[in-house]
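Enquirer: Handing you this structure, nothing more for now.
The values are calculated or read from the model by the stated rules, or taken from the named source; none is laboratory data. These numbers come from a predicted model, not from an experiment. A quick note on method: Cβ atoms are made from the backbone with ideal geometry, for glycine too, and the neighbour counts reach across all protein chains shown.
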Amino acid sequence: MLEALLSPKGVRELLRRHGLYADKRLGQNFLVSFAHLRRIVEAAKPFTGPVYEVGPGLGVLTRALAEAGAQVTAIEKDLRLKPVLEETLRGLPVHLVFADALAYPWEEVPENSLLVANLPYNIATPLVTRLLRTGRFARLVFLVQKEVAERMVARPNTPSYGLLSLRVAYHAQAEKLFDLPPGAFFPPPKVVSSLVRLTPRKVPDDPALFQLLEAAFSKRRKTLKNALTAAGYPKEEVEEALRSLGLPPDIRAEALDLSHFQRLKDLLYTRV
Ligand SMILES: C[S@@+](CC[C@H](N)C(=O)[O-])C[C@H]1O[C@@H](n2cnc3c(N)ncnc32)[C@H](O)[C@@H]1O
C-alpha cells in the first residue's frame, strides 16, 4: 500500500505535486485511515465476482482491493485524477473508466458483481437504488453519511424510517457495520460516515409496490389513508384494506413494515 495515500500530509503532498485540490462538489473526501481501509476490504470479502468501485479518487481503496485479489473496475467522473491514478495504481490490473457513474450501464454488469466504494454523498441514494434494481449484485459495501446509513437500515416507528428503508428492505438484507469519524478522511467532512453492507435477495422489482410506497410517504404528516387517497387510491378501498389487515384507520405510513405494505398492495391491486 502506498504510504502517501494513508495520511493527510501524504494526500496533501500528492495533490500539490499534481497541481490539484479536493473538489467539494464531487464529494472528494479521501480516506486516509489504514485501520478503516482494512476493515472495509474485510467486509467486502469474499470476492466471488467482479468488483465495481464508484469514485476511486486517489486510488486508496482501489489499490487495497486489487492487492487483496479483487478484479476491479473503477469508475471516476473527475478526469483531472487520471495522472494520479495512473501513478498510484501502477502495475495493478485495475480497469479504469472515466465516466459519470449515474450514466454507467449497470444493467449489463455480470451476475454476482460486487460494489465496494466510498460513495460521493450526492449520488449515493439514487445509485444504490439503481444497483439494487438491476438484480446483478451479490453484495454492496459502501461508505455513506451516517444519516443515510441509518435511513437504509431503519425499522418502523423510528425517526429515520421511510421510503429508502423500505426500498432497501425489499431488495436486500441491510447492515450498518461501523462509523468513521471525520478525521478518517482528508479533507475531513462535516459529518460522520458509516459503512453499510447490503446483501441482495435477488427479487424482481415490484413497480406497483413502489408506487404505493411513494404515495404513502409523499405526505409525511398525513395519515396513511389520507396520503393514499390524495394520490388517487379510492378511499373506500383503502379503508376496507386497512380494516382487513387489522390496522387502525388513522395509522401512519411510518408504522407499517414491508410485509404490511406488500399485503396492502395485494388488496388494493386485486380490486382494481
Ligand atoms: C468520497 S470520494 C472517495 C475517493 C476514494 N475512493 C477514497 O476513498 O479516498 C468520492 C469520489 O467519487 C468521485 N465522483 C463524484 N461523483 C461521481 C460520479 N457521478 N461518478 C463517478 N465518480 C464520481 C469523486 O471525484 C471522488 O473521487
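Enquirer: Inspect all residues belonging to the stretch 44-65 and state whether any of them is assigned to a helix (DSSP H, G or I), surrounded by fewer than 21 Cβ atoms within 10 Å (Cβ to Cβ) and more than 11 Å from the ligand (Cβ to nearest atom).
Expert: no
Enquirer: Follow-up. So Gly19 fits all but one of (1) out of contact with any helix residue (DSSP H, G or I) (no Cβ under 8 Å at 6 or more places or on another chain); (2) over 25 Å from Thr134 (Cβ atoms); (3) in contact (Cβ under 8 Å) with a residue 12 or more places away in the chain; what number is the exception?
Expert: Tallying (1) out of contact with any helix residue (DSSP H, G or I) (no Cβ under 8 Å at 6 or more places or on another chain); (2) over 25 Å from Thr134 (Cβ atoms); (3) in contact (Cβ under 8 Å) with a residue 12 or more places away in the chain, Gly19 fails exactly one: (3).
Enquirer: Filter the stretch 99-114 for residues that are within 21 Å of Leu61 (Cα to Cα) and within 13 Å of the ligand (Cβ to nearest atom) and give the result. If you could, list the steps in order and put the result at the bottom.
Expert: At the first step, the residues of the stretch 99-114 found to be within 21 Å of Leu61 (Cα to Cα) are 99-102, 104, 106, 109, 112-114.
Residues satisfying the conditions are Ala99, Asp100, Ala101, Leu102, Tyr104, Trp106.
Enquirer: How many residues does the stretch 66-76 hold that are without any contact (Cβ under 8 Å) to a residue 40 or more places away in the chain, assigned to a loop (DSSP other than H, G, I, E, B) and out of contact with any Lys or Arg (no Cβ under 8 Å at 6 or more places or on another chain)?
Expert: Counting residues in the stretch 66-76 that are without any contact (Cβ under 8 Å) to a residue 40 or more places away in the chain, assigned to a loop (DSSP other than H, G, I, E, B) and out of contact with any Lys or Arg (no Cβ under 8 Å at 6 or more places or on another chain) gives 2.
Enquirer: Still on this structure: Residues to consider are Val41, Val51, Val72; find the one that is closer than 19 Å to Gln145 by Cα and either modelled with pLDDT of 95 or more or in contact with a Leu (Cβ under 7 Å, 6 or more places away or on another chain) (or both). Give the steps one after another, and end with the answer.
Expert: Details: Val51 fails: closer than 19 Å to Gln145 by Cα; Val72 fails: closer than 19 Å to Gln145 by Cα.
Unique residue meeting the criteria: Val41.
Enquirer: Just checking, which of Arg38, Arg25, Arg12 is surrounded by 14 or more Cβ atoms within 10 Å (Cβ to Cβ) and either of a type in the set (Lys, Arg) or in contact with a strand residue (DSSP E or B) (Cβ under 7 Å, 6 or more places away or on another chain) (or both)?
Expert: Details: Arg38 fails: surrounded by 14 or more Cβ atoms within 10 Å (Cβ to Cβ); Arg25 fails: surrounded by 14 or more Cβ atoms within 10 Å (Cβ to Cβ).
Sole residue among the options that is surrounded by 14 or more Cβ atoms within 10 Å (Cβ to Cβ) and either of a type in the set (Lys, Arg) or in contact with a strand residue (DSSP E or B) (Cβ under 7 Å, 6 or more places away or on another chain) (or both): Arg12.
Enquirer: Any chance the stretch 197-215 includes a residue that's in a loop (DSSP other than H, G, I, E, B), modelled with pLDDT of 95 or more and of a type outside the set (Lys, Arg)?
Expert: no
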